[in-house]
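These notes are about the structure you will find just below.
Each reported figure results from applying straightforward, stated rules to the coordinates on display, with no laboratory input. Values in this document were obtained by computation on a predicted structure and should not be read as measured data. Ideal geometry is used to build each Cβ from the backbone, glycine not excepted, and the neighbour counts take in all protein chains shown.
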Amino acid sequence: MVNDNVQNATQALHDVGLASWLGGSMFGKFALNPSVQGVSDHRERGKVVNQAWNGYNAINSVGLGTAAAGYLAARTTELNGGRLTGTEKKLVRVQDALMASAVVTGIANGVQGARLAKQAPEGAVPIETGTKPSAETPPKAATIQRSLGILGNINIATGIALVAINAIQSRLQFSRPPLRRALLRRS
């Protein structure tokens, strides 16, 4: 059995990682990407967006990696099937799929973002917004950019769903009497 302090620290790291990754992704998608329309030169827009995303990619990667590592640790301990109710088992299976989707789309976003930045010197790919090509965007860059829009939507949706499931799991834990929770952990 894993020490409660270790489990608590792991859960906290998971939650902070989830918040860092999801919050950064949502800010980029809904605030940064559209706001570059205030920059008149389409190449400068691309440069600004690529610099901003490249600046946050390390935090995004560490956040998502920490969330995934914390989840895997929990999955081998308190979220293993033997101690869960039927509802909790269903939630964990959904969470498994969402965490896998988040990691896959997160990695794909990083790869596609790097590919897009390499389409022009200093990442100055002409764009309309962070996810919409402009009339001057080269076809290959436009395809990459559109894929980033789709991957970003999936990535954010999985993050929102993961946060929602965490909330439901927390409520379920509080709804069980403490003695019953303690007995279930020991069996």
Legend entry - Pair list, Cβ under 8 Å, 6 or more apart: the stretch 60-76 residue over 17 Å from Leu91 (Cα atoms) and in contact (Cβ under 8 Å) with a residue 24 or more places away in the chain, other residue polar (S, T, N, Q) and part of a helix (DSSP H, G or I): Asn60/Ser20; Asn60/Ser25; Val62/Ser20; Gly63/Ser20; Thr66/Ser20
Inset, instruction - Can you confirm whether the stretch 110-117 contains a residue that is of a type in the set (Val, Ile, Thr) and in contact with a helix residue (DSSP H, G or I) (Cβ under 8 Å, 6 or more places away or on another chain)? - result: no
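Among the candidates Arg83, Arg43, which residue alone is touching a helix residue (DSSP H, G or I) at 6+ places or on another chain (Cβ under 6 Å) and in contact (Cβ under 8 Å) with a residue 40 or more places away in the chain? Lay out the reasoning, then the answer.
Values: Arg43 fails: touching a helix residue (DSSP H, G or I) at 6+ places or on another chain (Cβ under 6 Å).
After ruling out the rest, the residue left standing is Arg83.
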Legend entry - Options Leu64, Leu79; residue that is over 18 Å from the mean Cα position of the chain (by Cα), within 16 Å of Asn166 (Cα to Cα) and crowded, with 19+ Cβ neighbours inside 10 Å: Leu79
